[in-house]
Structure formats: structure tokens, C-alpha cells
1. Looking only at residues that are away from the ligand (no atom under 13 Å from the Cβ) and of a type in the set (Asp, Glu) in segment 76-121, which one is farthest from the chain's Cα centre (by Cα)?
2. Quick check on ARG105: is it modelled with pLDDT of 95 or more, part of a loop (DSSP other than H, G, I, E, B), of a type outside the set (Ser, Thr, Tyr) and touching a Phe, Trp or Tyr at 6+ places or on another chain (Cβ under 7 Å)?
3. Filter segment 76-98 down to the residues that are open to solvent by 30 Å² or more (accessible area, probe 1.4 Å), assigned to a loop (DSSP other than H, G, I, E, B) and under 23 Å from SER130 (Cβ atoms) and list them by number.
4. Give segment 2-28 a look and list any residue that's more than 13 Å from the ligand (Cβ to nearest atom) and over 17 Å from VAL84 (Cα atoms), or say none.
5. Filter segment 122-137 down to the residues that are more than 17 Å from the chain's Cα centre (by Cα) and surrounded by 12 or more Cβ atoms within 10 Å (Cβ to Cβ) and list them by number.
6. Identify, from the list GLU33, GLU44, the residue that is surrounded by 18 or more Cβ atoms within 10 Å (Cβ to Cβ) and of a type in the set (Asp, Glu).
7. Quick one: in segment 54-75, of everything that is among the small types (Gly, Ala, Ser) and part of a helix (DSSP H, G or I), which residue is farthest from the ligand (Cβ to nearest atom)?
Amino acid sequence: MERQELIRSAFEIQKRAYAPYSHFQVGAALLCEDGEIFQGCNIENASYGATNCAERTAFFKAVSEGKRKFKAIVIVGKHKDSQVFEYCAPCGICRQVMAEFCDPRTFEIILPRSEEDYQVYKLEELLPLSFTGENLE
Ligand code: THU
């Protein structure tokens, strides 16, 4: 799997964002360990709290299809009227969902501004000292 393919996949699904309130349109492409890709966009709601982020849409699609192991996620987002993408970091709730399913030392969070210009983080960098199932044992 090429990073470029995953990045293209995120830009593609970003166009499907349902964001009539914030007009901030986000796309995510989640790479499973078996190589399959799940795409997600943000889905807003008139009751703002019912909004689902692009990353969680991708995770919930994948998990509901039986996937449990993941390698990387690409996230892209911008206001609909903006011509350029800036690095779009995941929100805290989405980081927590990643922590549920991903190895913090290896899972990659890839934040592109374009196909060539992107930052790469490990989950442990973006969510140190996370609360996980191990805390409940
Ligand atoms: N949003 C995402 O989908 N992912 C992020 O990483 C940041 C925020 C969405 C939620 C909401 O629909 C809009 O962007 C503005 O917060």
C-alpha cells in the first residue's frame, strides 16, 4: 500500500462531507492491517452534538465490517470556501477511538496539505498516557 494511494482516498471522500453548519469538510482514509481501506467523512447534525467526525465514520464502518487491526489513517479537511488544505489534526474523541483499536507505538496518523506535503505522527505522540481497556483489568 502506497501512502499516496491512501492520501488520494482521503481527498476523494472529503468531497462527500455533510457539513451544512460548520462548512468544514473532512475526509479520512483508514488502512486496515489486511490492506483494505475504509473511507469516512464528517456527518453533521442540526443538534450539533450528534455530529460524527470523518475519522470515527471510517473507524465505525471498518469495525462494523469485522476489522480490528489498523495501520494508518489519513485525515484531510478545509472550509468549503478555502482553496488550500492546512494540516487537520484529529479531535480528542477521535484520538480516544484510535486508542481503543490501534497500537500507539506503530499506528500512523498522516496529515496532508497535498499529496506531496504531509506530516506523520504516531498515536502515542498525539495521545500520550491514554486510558484504555488495560486500565479496567
Ligand atoms: N471534524 C472532523 O470530522 N474531524 C476532525 O479531525 C476535526 C473536526 C469535523 C467535525 C465537524 O463536522 C467539523 O469538522 C467542524 O468541527
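1. ASP81
2. No.
3. TYR87, ALA89, CYS91
4. Residues satisfying the conditions are GLU2, ARG3, GLN4, GLU5, LEU6, SER9.
5. Residues of segment 122-137 more than 17 Å from the chain's Cα centre (by Cα): 128-137.
Passing the criteria: SER130, THR132.
6. Numbers: GLU33 fails: surrounded by 18 or more Cβ atoms within 10 Å (Cβ to Cβ).
Residue meeting the stated conditions: GLU44.
7. Here is the first cut: in segment 54-75, the ones among the small types (Gly, Ala, Ser) are 54, 58, 62, 64, 66, 72.
Next cut, part of a helix (DSSP H, G or I) only: 54, 58, 62, 64.
Numbers: ALA54: 4, ALA58: 10, ALA62: 16, SER64: 18 Å.
Here the residue is SER64.
The values are calculated or read from the model by the stated rules, or taken from the named source; none is laboratory data. Just so it is clear, the structure is predicted and the values come from calculations on it, not from any experiment. Every residue, glycine as well, gets a Cβ built from its backbone with ideal geometry; the counts of neighbours run over all protein chains shown. Protein only, heavy atoms only, side chains kept; ligands, DNA and RNA dropped before computing areas. Shrake-Rupley method; radii C 1.70, N 1.55, O 1.52, S 1.80 Å.
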